[in-house]
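Below: one structure, written as structure tokens.
The values are calculated or read from the model by the stated rules, or taken from the named source; none is laboratory data. Keep in mind that what you see is a predicted model, and the values were worked out from it rather than measured. Because the Cβ atoms are built from the backbone with ideal geometry, glycine has one as well, and the counts that use them run over all protein chains shown. Note: areas computed on protein heavy atoms with side chains; ligands, DNA, RNA excluded. Shrake-Rupley method; radii C 1.70, N 1.55, O 1.52, S 1.80 Å.
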Amino acid sequence: MTLRRVWITSLLLTLTVSAAQAKTKYQPPTALSPEQSALVQKAIAAEKVTIKQIQKHSPLVQTYIQNMRADQVLYAVPESDQYLLGRVDFGKSISDTSYSSEANSKGLFKGSVKYVSGLTKAFKMQYISAGFMEMMFLDPISFDQQHYDFSYVRRDFLGAVRTLVFDVHPKPGTGSGRFTGRIWVEDQAGNIVRFNGTYTGGNQDDDSSSYFHFDSWRENLQPGLWLPVGVYVEETQKSSEHPVSFKAQTYIWGYSLKLPTHESDNESVKIDDVQDQSAESQDLSPLAAQREWISQAEENVLDRLVQAGLLAPPSDFDKVLEQVANNMIIGNNIQMTDSIHCRVLLTAPLESLAVGNTIILSKGLIDVVASEADLAAMLSFQLAHIVLGHHIDTRYAFNDRLLFPDEATFERIHMSHSDADNELAAKKAVDILNHSVYAPNLGQPGLFLAALNDRSKQLTALNTPRLGDSLLRPTGEPWMNALIAKGPKLDINKLDQIAALPLGSQLKIDAWDDKVIALHARQAPIMNARDKMPFEVTPVFFRLTRYTAPVVAAPAAATGSAETTAPAVDTQQSAAPAQASATTPTPQ
């Protein structure tokens, strides 16, 4: 009887609160101080300037979505995923051009396009890029004090930038589809650097359930210019015991890229009267000519990928990857015809490729590895392809074969190897690792591959390559599954066992010039199994700073022996750090 009385009392309280909330009328905000009001006016004016500025650019927009299901131990885990990458031209009347792929006919992007169409429909927008637009701007048309009320909340630091925080609510009768939530305004020029909320109706009846909730961030990419760089979207099911139904990350980069055209943006440069003045100049042998031809194709492909905004320009992090690759080359006494180079593909799907003597790993793959030994294993797969002579198609040595619009890059450039070549490369890669400095630590990449295998069926979009090779066979198991036997049994409840990291754990992208920058985040303690989140989407947080002009280094005096020391690999949660030699970068 007592339990029944408690249950009835709780039910009545719930109904009373719900009824009170339903009858709650809009309350005008407390008046702002003169200083606060002046900053709001600055923010309104700055937002109009930002909208005009972004219309001059054509960034890439990448959205990765994970649909979640309830889990008794982990609260929620991914059950499926979707991926979309597009180039958005804001200078036109809200249009969007998606990067295409031949795999589209097999359903590679089918779910993503359908999902994002649903996303934009929920935003009551007609075009895909308009859905992105809504999450990049609070209200591109009517963000002013005639349509919105502002309430001061507090002061707050976002990284090194001091901000004032305001709650924003549409005025009654101003129409539906307006932003409601919170904004962070930097205290100098009044730029909005972050906003968090959803879109709702302007009347008393709140229709926010029709819209997704998001957290949008901007960075100071150029003097006086704050542009959108990242958005986190999360939606919940109120009727579910575990409410999270999906999570998504959107990243924007490539602001300095040229506008896309239907003609090639490639320009041929003619250099007149250039002669080889080398005293060592000599004719090439047939073998040397063949290798030079492959090198020419390599350079053409790399340049085209950079131009399309898919490949990061050379960076300091490349030296980290090259050091790891060279550790394996030295350990195996491999005689290379040219130095190994490494680069970073800017996209999220887990993939790797070899273009001539250049090994490329995707940002998503680098983000989720937990140790230097993991990096070595990922690099060894493509190093094996190079050693076995599985080079790229030399037709790309003809530059005209790369004259196509940027959005056709995935369709026109094919860098993946055949299944037979991948099988041979996997065996060779394991042999290379066994004869390298990483041999004592191969249990960690074995653990990583076990975790990947465990999530492979749920994360098909993340494991579907766009340009290169997948980590998985067509049947679903890893190509290098021989390493799994070297690792311990995968146990999510063992807190000191970190098999893989969440997405975004290692690198960030400079949204202006597409360079990758290693993160140096403080390691957070693992309190429970849920804290691990292998391969998962998490909220995005940026340590904001104000723009500073790049420092031009003075030319260094030639010493003949000076070398650049590679920075350490920033592996935040490495469970089994590699036993580094004197020349091996040590995980942090």
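Which of the residues spanning segment 391-412 are open to solvent by less than 30 Å² (accessible area, probe 1.4 Å) and modelled with pLDDT of 55 or more?
Within segment 391-412, just Ile392 meets the criteria.
Can you say whether Ser278 is hydroxyl-bearing (Ser, Thr, Tyr), modelled with pLDDT under 90, open to solvent by less than 70 Å² (accessible area, probe 1.4 Å) and outside any loop (DSSP other than H, G, I, E, B), as far as the supplied structure shows?
Considered against the rule, which asks whether it is hydroxyl-bearing (Ser, Thr, Tyr), modelled with pLDDT under 90, open to solvent by less than 70 Å² (accessible area, probe 1.4 Å) and outside any loop (DSSP other than H, G, I, E, B), Ser278 comes out as no.
Yes or no, residue by residue, for (1) at pLDDT below 95; (2) in contact with a Leu (Cβ under 6 Å, 6 or more places away or on another chain); (3) surrounded by fewer than 18 Cβ atoms within 10 Å (Cβ to Cβ); (4) under 19 Å from Ser352 (Cα atoms):
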position	(1), (2), (3), (4)
Leu471	no, yes, no, yes
Trp479	no, no, no, yes
Asn493	yes, no, yes, no
Pro502	no, no, yes, yes
Val516	no, yes, no, yes
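Hey, among the residues in segment 481-491 that are out of contact with any Leu (no Cβ under 7 Å at 6 or more places or on another chain) and closer than 19 Å to Met533 by Cα, which one's most open to solvent (accessible area, probe 1.4 Å)?
Lys489
What are the residues in segment 438-469 that are open to solvent by less than 10 Å² (accessible area, probe 1.4 Å) and among the acidic types (Asp, Glu), if any?
Matches in segment 438-469: Asp469 only.
Contact list please: Cβ distance under 7 Å, first residue in segment 74-93 and on the phi > 0 side of the Ramachandran plot and of a type outside the set (Asp, Glu), second residue at pLDDT 75 or above and not in a strand (DSSP E or B), pairs at least six apart or on different chains.
So the pair list comes out as Tyr75/Arg530.
Go through segment 48-73 and give me each residue that's open to solvent by 10 Å² or more (accessible area, probe 1.4 Å), closer than 30 Å to Pro534 by Cβ, hydrophobic (A, V, I, L, M, F, W, C) and at pLDDT below 90.
Those that are open to solvent by 10 Å² or more (accessible area, probe 1.4 Å), closer than 30 Å to Pro534 by Cβ, hydrophobic (A, V, I, L, M, F, W, C) and at pLDDT below 90: Ala70, Val73.
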